[in-house]
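Enquirer: Attaching a single structure in structure tokens format; questions to follow.
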Amino acid sequence: MASVKNALTESGTLTGAVSGLTDSILKSAVGGLSPLNNFGRYMTGARAIIKINDKLFGFAFAVNYNINTEYAENQTIDDYVAYELMPTRISVNGTLSMFHVPGKGPTNQLVQANILSYLMHRYITIEISDQTTGQTIFKTNKAVITSKAQSLQAGELSTIQLSWKALGWVDEMTQPDYPKDTAGEDTGGGAVAGGISAITGALGF
């Protein structure tokens, strides 16, 4: 007997209907967030891997960072509008939230300087990557912990928040597209690219 097909199934069986529904969900906007979708279009905290000094920082549960590219107005006489916006400074800072594991605090892990190592403590590296694609979301090779705040309350897990500052960073950036002159020649890509290479080299990338 031929199998009966209807609008709810794709092959006359309940399995076919469930398969079609699952496929539709994973391809939807909601499916883009699902951990069942290995190639979800949207980044989620559950996909983030946090490493400090190239080691997995397993008891960290949140990280926030700010990248400030500051500009100043170049103001001229008898002009109500600034002539241009001049780049002045780039600053990177953020916070890292973690659970307190006795015996494995940030000073014990050589993440934060203590009273003995404060004057000679080395820079730390902070890296955030996507465990699904392996792509680097954020990385800096020159960061320092500037403050630590800890919470201890009865009936709750103890948490620590570390504030940090960094010199330079890399992320998903690509090589910029430099303007070309009328002859099709690069008007500054070589020089600028060389400058970028020198800067990233100085920052340890």
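The values are calculated or read from the model by the stated rules, or taken from the named source; none is laboratory data. Here the structure is a predicted model, which means the values were calculated and not measured. Reconstructed Cβ throughout: ideal geometry from the backbone, glycine too, with neighbour counts over all protein chains shown.
Enquirer: Looking only at the range 45-69, filter to residues that are surrounded by 14 or more Cβ atoms within 10 Å (Cβ to Cβ) and among the small types (Gly, Ala, Ser); which one of those is nearest to Trp164 (Cα to Cα)?
Expert: My answer is Ala60.
Enquirer: Follow-up question, since we're still on this one. Filter the range 45-76 down to residues that are over 25 Å from Leu110 (Cβ atoms) and at pLDDT below 90, then give me how many there are.
Expert: 3
Enquirer: Still on this structure: Give the residue, chosen from Gly94, Gly105, that is part of a strand (DSSP E or B) and within 17 Å of Ala149 (Cα to Cα).
Expert: Values: Gly105 fails: part of a strand (DSSP E or B).
Exactly one residue qualifies, and that residue is Gly94.
Enquirer: Looking at Ser147, Ser151, Ser163, which is the one that is free of Cβ contacts under 8 Å to residues at least 40 places away in the same chain and within 24 Å of the chain's Cα centre (by Cα)? Even if it seems obvious, please write down each step before you answer.
Expert: Values: Ser151 fails: within 24 Å of the chain's Cα centre (by Cα); Ser163 fails: free of Cβ contacts under 8 Å to residues at least 40 places away in the same chain.
The conditions single out Ser147.
Enquirer: Here's something else I'd like to know. Let me confirm something: among Gly20, Gly16, Gly12, Gly32, which residue is in a helix (DSSP H, G or I), more than 28 Å from Asn93 (Cβ to Cβ) and modelled with pLDDT under 55?
Expert: Gly32
Enquirer: Could you grab me the full set of residues in the range 134-144 that are touching a residue at least 12 places away in the same chain (Cβ under 8 Å) and under 14 Å from the mean Cα position of the chain (by Cα)?
Expert: Residues satisfying the conditions are Gln135, Thr136, Ile137, Phe138, Lys139, Thr140, Asn141.
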